[in-house]
Structures are given as C-alpha cells and as structure tokens.
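Enquirer: Dumping the structure here so I can ask a few things about it.
Since every read-out is calculated from the coordinates, none of them should be taken as a lab result. This structure is a prediction, so every number in the text was calculated from the model and none was measured. Note that we place each Cβ from the backbone using ideal geometry, even for glycine, and neighbour counts take in every protein chain shown.
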Amino acid sequence: MASGVLTTTEFAFTTVPNCSDESEAKVRATVGQLISRILPKKITNERRRDFRYPYPHLIYLTPVDASGQALNELSTVVVGKNITERGIDFFHRDPLPYRRVILTLEAEDGTRASMVTDLLWTRFTRQGWYDNGGRFLQVLTQNGPC
C-alpha cells in the first residue's frame, strides 16, 4: 500500500464459505455496528421491514464465481446508496455479471466489514449507471484490502 492509497489488486479473499443459519444474526449485528458508526440516529419511520439509511460511501466489490471463489483481480469500487441491517443498494457504471459478491464497507474511523452479498436486482438509470440491490448473507473474517 504505497502512498496510503488502496488498490483493488490488494484483495486476497480465499474461498467463500457456504452460508449457515447463524449467518443472518452475525450479518445484522456487524452491519448494525457499522451503521451506528456512520449514522448514530434513526432519521424517520420507514414503512418497509427494515429501516433504510442513506449510505453515500464508496464500497469495495469483489465478485464471487459460481464455485465460491473470490475473483480478487476483478475487485472494483462502487458507490453506496442505501443500507439496512439485511442488505444494501449501490451504483455501478457497468452491468455486473455475478450473482454473488463480497462487499467491503468502511466507516470513517477505519472499521471495516466484508459481507458475502446475493445480488437480487439491477435497474438501469437514466444517467447511464446501474442501481443494484442485494441481501447480505454472511460476514467474512477477512475485511478486504490491508
């Protein structure tokens, strides 16, 4: 990490483990802690199942292939839109051909969390970007680039 700048080539995720029933509780707790560091207070009541928080932050995205291997060399940065304890949506310049990805989120204090995420939908925007949404499946013990 020369000059303090992280590059996507510094990712080194190993095989992504299969999700378990305990994964959801750990995902919600980890993302809840990350949200509380970014936005300590709820803003308004939400009609949805989970409260959505604005998340206008950069996120590292590492694709995961069908066999569960992280494609570290294809890691890129996307732009966050909203986050809940169960999922996230974000913007990306190009369509994503992967159903599963690892998203690495970072709070301003440097706290990081990497979650295996199942991408559930994509919408093309009038501005030429893709709005993608997904559900967090599992927290990884490795937290993105060093």
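Enquirer: With a sphere of radius 14 Å drawn around the Cβ of residue 129, what net charge do the other residues whose Cβ falls strictly inside it have (Lys, Arg +1; Asp, Glu -1)?
Expert: +1
Enquirer: Assuming R0 = 22 Å, what is the FRET efficiency of residue 29 and residue 96, from their Cβ-Cβ distance, to the nearest 0.05?
Expert: Computed FRET efficiency for residue 29 and residue 96: 0.25.
Enquirer: Lys and Arg at +1, Asp and Glu at -1: add these up for the other residues within a Cβ distance under 11 Å of residue 89 and post the number.
Expert: In short, +3.
Enquirer: If packing is taken as the average count of other Cβ atoms within 10 Å, what order do 60-67, 84-91, 29-36, 126-133 fall into, highest mean first?
Expert: Output ranking for 60-67, 84-91, 29-36, 126-133: 84-91, 60-67, 29-36, 126-133.
Enquirer: Could you pull the Cα extents of segment 91-137 along its three principal axes, largest to smallest, in whole Å?
Expert: 34, 22, 13
Enquirer: Between residue 82 and residue 130, what is the label-to-label distance in nm when each label sits 7 Å out along the Cα-to-Cβ direction?
Expert: 2.1 nm
Enquirer: Then there's this: Would you kindly compute the Cα radius of gyration of segment 43-146 and its largest Cα-Cα separation (Dmax), both in Å?
Expert: 13.4, 41
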